[in-house]
Amino acid sequence: MEGVDRQYRVESSILPNTPSPLPTTHIFYADDTIFLSTCPKDLQLRFSILEALAAKVGLAMNRDKTVVTLAKIKSKQTLGTTVRSTSRKIEPYNIYYSDGSNVKVVEGEEYLGSRISRSQSAMPEIGRRIGLGLARTKDLKSLWKGTGISRKRKIELCDSLIGTKVLYGLETMNMLPREEKRIDVAQMRIYRTALGLAPPYIATQKGFEYIKNDDILKIPTRGAVKWSERVKATRVRLLRDCRNAAPEEPIRVVLYQHGFVARKWPGRKLPGASNKRGTWLQTAMANENEQ
């Protein structure tokens with residue numbers, strides 16, 4: 001990326017001299033890279049430089065995983081289907097490889113284990129994680145047959161082996177109470193599946209062993225808490241990491257401007273944005289106050 005930045009400074013003189021409203025232009029971890037831009041020429045230039053520098057050391061773009069996606073929230077206005085107001089339909093940029101072929105356009109893509117998409121709701125990603133967690137729970141349940149593992153140990157293993165998979169990275173999402181509740185409901189479902197317990201409403205009707213969800217959390221394990229509370233605690237730790245970072249660090253730049261003044265988007269409000277959801281910073285600070 002150092003080489004990309006250096007070459008970009010040389011070649012970007014051909015671009016219109018307009019300041020970008022984005023606090024950062026790229027995110028990268030090893031060879032997983034995201035370019036962010038509000039200008040198609042700027043995005044194409046960065047992409048072309050990266051492709052050219054990679055080719056010099058024998059590397060090529062993985063065309064199955066290299067994609068373009070819109071950052072605009074998906075709504076009737078951005079889709080051009082609204083009938084009550086002026087349409088603000090937007091189309092993705094056409095970005096090209098060096099041979100002239102198009103980079104494929106997608107609605108969403110996985111990045112470092114999380115799916116990034118145009119959906120403002122956290123529900124699609126939470127639902128995907130829960131599905132992965134339930135699949136792993138069934139595998140563990142089969143593995144535990146006849147082993148005599150205690151309920152306490154099973155819950156501990158669920159927290160460490162399944163909870164970490166379901167909750168991975170969720171502290172970076174800005175969730176509403178109903179989305180946090182879904183995580184807690186899934187936690188109880190995973191626990192009951194692992195312990196071989198029927199849901200409470202079925203247990204009372206069919207004569208199975210009846211244990212309330214609250215009673216499962218009371219089983220003396222090493223720090224068993226609601227998973228939504230784990231997410232909140234991790235979010236607060238991330239907030240404190242942001243505050244403690246150096247002013248030039250991306251983790252600080254993205255959230256703050258002029259010291260610790262919350263960064264605001266300077267343009268028009270994004271269509272489809274919800275006032276109820278607020279910003280990640282507001283959610284993290286509220287979690288911190290709760291603690």
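Values quoted throughout were computed directly from the atomic coordinates according to the rules given, and no laboratory measurement underlies them. Small disclaimer: the values here were computed from a predicted structure and weren't measured. Glycine gets a Cβ as well: all are built from the backbone with ideal geometry, and neighbour counts include every protein chain shown.
Once you sort the root eigenvalues of the Cα gyration tensor of the stretch 27-95 as a ≥ b ≥ c, which label holds: rounded (a/c under 1.5), prolate (a/b larger than b/c) or oblate (the other case)? Judged from the Cα gyration tensor, the stretch 27-95 comes out prolate (a/c at least 1.5, a/b above b/c). Proximity of backbone amide H atoms, modeled 1.01 Å from N, is registered between V68 and K104, V105, V106 at under 5 Å, excluding neighbours fewer than 5 places apart on the same chain.
Once the Cα atoms are used to define both axes, helix 227-244 deviates from the longest principal axis of the chain by about 40 degrees. Straight-line reach from K226: taking Cα to Cα under 17 Å and skipping same-chain neighbours fewer than 8 places apart, the lysines in range are K152, K154, K165, K181, K212, K218. For the stretch 120-291, the fraction of C-alpha pairs farther apart than 19 angstrom is 64 percent. The aspartates and glutamates whose alpha-carbon is closer than 12 Å to the alpha-carbon of K72, local same-chain residues fewer than 8 away aside, are E91, E107. Taking I90, I27, I14 as the candidate residues, the one with maximal mean-square fluctuation in a Gaussian network model of the chain, Cα springs under 10 Å, is I14. Structural size metrics of the stretch 40-171, computed from C-alpha coordinates, are Rg and Dmax of 21.6, 65 Å. Mean-square fluctuation check for the chain, GNM, Cα pairs under 10 Å: which of W144, W227, W280 is largest? Answer for the Gaussian network model of the chain: W144. Across D214, D99, D32, mean-square fluctuation computed from a Gaussian network of the chain (C-alpha pairs under 10 Å connected) peaks at D99.
Evaluating 6.51 cos²θ - 1.76 cosθ + 1.60 at θ = phi - 60° for every residue in the stretch 157-165, the Karplus couplings come out as 5, 4, 5, 7, 9, 10, x, 5, 6 Hz, glycine and proline recorded as x.
For the chain, the square roots of the Cα gyration tensor eigenvalues, ordered a ≥ b ≥ c, give a/c of at least 1.5 with a/b greater than b/c, which places it in the prolate category. Each Lys or Arg adds one and each Asp or Glu subtracts one; over the other residues with Cβ under 12 Å from the Cβ of R237, this totals +2.
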